[in-house]
1. Could you run through the range 391-439 and say how many residues are in contact (Cβ under 8 Å) with a residue 60 or more places away in the chain, surrounded by 15 or more Cβ atoms within 10 Å (Cβ to Cβ) and in contact with a Gly (Cβ under 9 Å, 6 or more places away or on another chain)?
2. Can you tell me which residue among Glu247, Glu193 is at pLDDT 95 or above, charged (D, E, K, R) and either open to solvent by 70 Å² or more (accessible area, probe 1.4 Å) or farther than 17 Å from Arg139 by Cβ (or both)?
3. Which residues, taken from the range 156-190, are hydroxyl-bearing (Ser, Thr, Tyr), surrounded by 21 or more Cβ atoms within 10 Å (Cβ to Cβ) and either assigned to a loop (DSSP other than H, G, I, E, B) or within 16 Å of ligand 1 (Cβ to nearest atom) (or both)?
4. For residues that are under 19 Å from Leu63 (Cα atoms) and modelled with pLDDT under 95, scanning just the range 100-121, find the one that is most open to solvent (accessible area, probe 1.4 Å).
5. Got a sec? Which of Arg338, Arg359 is among the basic types (Lys, Arg), open to solvent by less than 70 Å² (accessible area, probe 1.4 Å) and without any contact (Cβ under 8 Å) to a residue 60 or more places away in the chain?
6. Within the range 137-154, is there a residue that is within 16 Å of ligand 1 (Cβ to nearest atom), open to solvent by 50 Å² or more (accessible area, probe 1.4 Å) and among the basic types (Lys, Arg)?
7. For the structure I just gave you, tell me whether Thr248 is within 23 Å of the chain's Cα centre (by Cα), among the polar types (S, T, N, Q), closer than 17 Å to Phe215 by Cβ and assigned to a helix (DSSP H, G or I).
8. Please determine, by comparing only the residues of the range 313-333 that are open to solvent by less than 70 Å² (accessible area, probe 1.4 Å) and not hydrophobic (A, V, I, L, M, F, W, C), which one is nearest to Gly266 (Cα to Cα).
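The values are calculated or read from the model by the stated rules, or taken from the named source; none is laboratory data. These numbers were taken from a predicted model, which means no experiment stands behind them. FYI the Cβ positions are ideal-geometry reconstructions off the backbone, even for glycines, and counts take in every protein chain you see. In case anyone asks, the SASA skips ligands and DNA or RNA and just uses the protein heavy atoms, side chains included. Shrake-Rupley method; radii C 1.70, N 1.55, O 1.52, S 1.80 Å.
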Amino acid sequence: MKNLFIETYGCQMNVADSEVVASILSAEYQICDNIKNADLILLNTCSVRDHAEQRIRKRLNELGALKKKKAGLQIGLLGCMAERVKEKLLHEETALDFIAGPDAYRSLPALIQESAFGKTAFNVLLSTEETYDDIEPIRYDTNGISAFISIMRGCNNFCSYCVVPYTRGRERSRSSETIIREAQQLIDQGYKEITLLGQNVNSYCSNENSEVVNFAKLLEKVALLSPKVRVRFATSHPKDISDELIETIAKYDNCCKYIHLPVQAGSNVMLKRMNRVYTREYYLERIATIKRLIPDCAIATDIIAGFSGETEEDHQATLSLMKEVGYCAAYMFKYSERDCTMAAKRFPDDIPDEVKGRRLEEIIALQQDLSLAHNQKDIGKTFEVLVEGASKRDANEYFGRNSQNKVIIFPKENAKIGDYVMVTVQSCSPATLKGVLAK
Ligand code: 5AD
Ligand code: SF4
């Protein structure tokens, strides 16, 4: 057996894809955790922001040095950046032996072989059907407690700033049968938490044996497998967050009370320019419905600062929307123009970097306050926590998460990793809750 080392960048979808890749190559390669022992190094990359790509370029330089020292070492590039920059990368980056786009992983054994004979090898064909449905992922970097299942691939939304529809292709859903089978296998192996993954999970739709399974139905099917196994999902588009889905989350205790619902911007002008297809009022109505049907639901978001044409007033609208929703957490970014997107073609990247930076800082500062306020409301409450591991700061403490996806730290006492324990919150920071086991 040869040794394979995979570095995964970007989103959770990439983590799930790396597990599929490990499985596709498992006849010849075993995963190793020390890069020095690797015969093959794969970088599974992200293109969502320019910053991510620059990081990978830098990494390729470092790996070039490693390659000079080790004869026969092969290096391949996977994922969105492979798809976006294509064979140009092979010419620019001499460390690279081959590249494979997100729908080309079945051809990896052939690409590896071709490039071993000195040919530059690449496959960046996108498919309208590939879902890797039949491939059982190898979960090589796991705590044995939480696992991801990729339920769909690609995206059809074409938000004007986003490169994903071009790098990951058209949206396609896996069959619910294979998803349920995979979930059941995970449960049989002792996993306690399953996260259903996709670029836009709530537009999941599978048509099987005359039954149409939408995302709410799929979530219900997974939730019903075991009441002791939590179900999460990421990520959702506001346009598809139906009452049926909210009601399903409310109905099952093991459907986690946490929704990541990226808003991106708070003004209707920006939302329109971003092609998000909803208005501020529609978004806030969906939030109100979530809060009404699931009062203890935590809501998180993604926000972009400094998109094309964003005025100070637009920026203020983002801040006021954040306050109105009271997000528990947010992923916040400066707009980074990506070529081939609608925005790159139609709208100038006209907000100066200092202005983008200042707006982003204001957004981050506000979110710190909102996260802290959200966490402070939890002080004195008792939550069911799934124990995930030892705290990094103190070996006598564990960390875990509650249903609302909040990290809680507490003294170990008799608990074990993988247990559900009841923890009473005593204090907090914007990022974590601290508590003690409830007696
Ligand atoms: N610039 C900045 N942020 C972006 N995102 C996607 N594309 C861009 C871009 N070009 C952010 C969005 C999305 C998250 C995954 O990344 O907020 O929800
Ligand atoms: Fe990109 Fe929009 Fe699709 Fe998300 S929904 S992946 S932001 S195009």
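1. 2
2. Exactly one residue qualifies, and that residue is Glu247.
3. Hits for the range 156-190 are Tyr161, Thr167.
4. Checked the range 100-121; the qualifying residue most open to solvent (accessible area, probe 1.4 Å) is Thr120.
5. Working: Arg338 fails: without any contact (Cβ under 8 Å) to a residue 60 or more places away in the chain.
The unique qualifying residue is Arg359.
6. Checking the range 137-154: not a single residue is within 16 Å of ligand 1 (Cβ to nearest atom), open to solvent by 50 Å² or more (accessible area, probe 1.4 Å) and among the basic types (Lys, Arg).
7. So Thr248 fits the description; yes.
8. First, the residues of the range 313-333 that are open to solvent by less than 70 Å² (accessible area, probe 1.4 Å): 314-315, 317-322, 325-330, 332-333.
Still in the running and not hydrophobic (A, V, I, L, M, F, W, C): 314-315, 318, 320, 326-327.
On the way: Asp314: 7, His315: 7, Thr318: 4, Ser320: 8, Gly326: 13, Tyr327: 13 Å.
Among those that are open to solvent by less than 70 Å² (accessible area, probe 1.4 Å) and not hydrophobic (A, V, I, L, M, F, W, C), it is Thr318.
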